[in-house]
1. Quick check: is even one residue across the range A:85-107 surrounded by 17 or more Cβ atoms within 10 Å (Cβ to Cβ) and not in a helix (DSSP H, G or I)?
2. If you go through the range B:1-27 one residue at a time, how many are part of a loop (DSSP other than H, G, I, E, B), closer than 18 Å to A:SER22 by Cα and small (Gly, Ala, Ser)?
3. Out of everything in the range B:28-45 that is in a helix (DSSP H, G or I), of a type outside the set (A, V, I, L, M, F, W, C) and closer than 16 Å to B:ARG74 by Cβ, what residue ends up being nearest to the other protein chains (Cβ to nearest Cβ)?
4. Over 10 Å from the mean Cα position of the chain (by Cα) and more than 9 Å from chain A (Cβ to nearest Cβ) - does that describe any residue in the range B:13-27?
5. Looking at the range A:21-28, can you tell me whether even one residue there is among the β-branched types (Val, Ile, Thr), within 14 Å of chain B (Cβ to nearest Cβ) and exposed (fewer than 15 other Cβ atoms within 10 Å of the Cβ)?
6. So, in the range A:41-62, of the ones that are without any contact (Cβ under 8 Å) to a residue 24 or more places away in the chain and β-branched (Val, Ile, Thr), which residue ends up surrounded by the most Cβ atoms within 10 Å (Cβ to Cβ)?
7. Please specify each residue of the range B:46-100 satisfying the condition of being assigned to a loop (DSSP other than H, G, I, E, B) and either exposed (fewer than 13 other Cβ atoms within 10 Å of the Cβ) or without any contact (Cβ under 8 Å) to a residue 40 or more places away in the chain (or both).
8. Would you check which residues across the range A:67-84 are in a helix (DSSP H, G or I) and within 13 Å of chain B (Cβ to nearest Cβ) and list them?
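Computed from the coordinates by the stated procedures, all read-outs in this text should not be read as laboratory data. Fair warning: this is a prediction, and the values are worked out from it, not measured in the lab. Note that we place each Cβ from the backbone using ideal geometry, even for glycine, and neighbour counts take in every protein chain shown.
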Amino acid sequence: MTASNEELGLKDRLNLIETMISEGRRTTESWGWTFVFWGVAYYIAIAWTAIYHWPWAWLVTMAGAWVLYSAIIRSKQKNKPERRPGTTIGRAIFAIWISMGVSLSLLLPALGFSDRFNQHIFVAIVAAMLGVANGASGMIIRWKAQIASAFVWWAATVAACFGSDDQCTVVFLVAIFLCQIVFGVYAMNCEARLRKQQEANHV
Amino acid sequence: MSELPELNPVIHGKLRLALLSLLVGVEEAEFTWLRSKTGSTDGNLGAQIAKLEEAGYVSVEKKFVQRKPQTLYRMTEAGRAALSEYIQALKKLLGGAIGA
């Protein structure tokens with residue numbers, strides 16, 4: 001092997017290392033749909049509460065949504081030819097969202113049972129928790145769109161502490177639309193673009 | 001003239017280098033994922049992983065998940081250190097050519 005050929009081989013190896021490291025770290029999981037899914041679930045719970053004034057509407061809707069969500073995740077995993085390996089970043093983000101879910105599912109029913117619950121507190125708590133989860137996830141993966149979504153939730157937290165019940169409801173509906181539906185659809189578009197790019201790289 | 005570093009022969013193989021580079025970015029990986037990322041055959045992949053395992057660069061865990069066998073591979077600390085040394089040696093050998 002000549003010197004330049006040898007150099008080419010070594011350069012090739014350096015490129016191989018870079019490509020493989022980025023392949024391993026690249027996330028191809030699709031999570032955009034989960035934002036839309038939970039956004040729709042929030043809307044169903046809000047509509048149910050507004051129309052029938054049933055105090056258990058939120059609890060029942062969230063429990064039903066969780067069962068359906070788990071079933072979808074399980075079926076998606078079953079249909080995959082190979083399981084994506086876990087990364088530390090993935091585990092950190094998973095931990096944040098699970099912890100947020102557990103906190104909300106303990107705190108909100110406890111406030112309800114102790115009769116210390118009102119609409120403003122409810123919206124402020126949910127918005128603050130979602131702000132924390134989106135903010136932390138966005139900072140970990142350095143995704144500006146998700147950090148922006150966290151700022152919308154934090155603004156909703158502050159706004160929920162002021163104004164009338166109707167204004168509070170409007171704030172919540174707008175925040176859900178922006179941070180769950182719009183952001184979810186945007187995330188799905190980004191994921192689809194990334195998948196196309198990966199497919200093109202493999203050809 | 002300074003002495004040129006030697007490249008670790010266990011890591012220098014293209015597939016073994018690809019495997020270690022993939023494993024460095026994840027906590028653990030299944031055989032099927034490694035196969036799809038490297039595009040290698042079962043036989044070749046198994047043989048190269050065995051060499052990395054023999055060198056102490058990769059650890060293997062076999063278990064059953066929902067009654068299906070699953071083989072997980074993890075990079076060991078020795079593997080991490082060896083890959084890091086290999087990259088340093090590679091950069092030293094290439095010298096100024098890297099930026100070209």
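1. yes
2. Total meeting the criteria: 1.
3. The selected residue is B:THR32.
4. Within the range B:13-27 (the criterion being over 10 Å from the mean Cα position of the chain (by Cα) and more than 9 Å from chain A (Cβ to nearest Cβ)), the answer is no, since none of the residues qualifies.
5. Just the residues of the range A:21-28 that are among the β-branched types (Val, Ile, Thr), to begin with: A:21, A:27-28.
Restricting the remaining residues to those that are within 14 Å of chain B (Cβ to nearest Cβ) gives A:21, A:27-28.
Add one more test, that the residue is exposed (fewer than 15 other Cβ atoms within 10 Å of the Cβ), and what stays is A:27-28.
So far as the range A:21-28 goes, yes, one or more of its residues are among the β-branched types (Val, Ile, Thr), within 14 Å of chain B (Cβ to nearest Cβ) and exposed (fewer than 15 other Cβ atoms within 10 Å of the Cβ).
6. So the residue we want is A:THR61.
7. We begin by selecting, within the range B:46-100, every residue assigned to a loop (DSSP other than H, G, I, E, B); these are B:55-57, B:66-67, B:76, B:100.
Of everything in the range B:46-100, those that are assigned to a loop (DSSP other than H, G, I, E, B) and either exposed (fewer than 13 other Cβ atoms within 10 Å of the Cβ) or without any contact (Cβ under 8 Å) to a residue 40 or more places away in the chain (or both) turn out to be B:GLY56, B:GLN66, B:ARG67, B:THR76, B:ALA100.
8. A:ARG74, A:GLN77, A:LYS78
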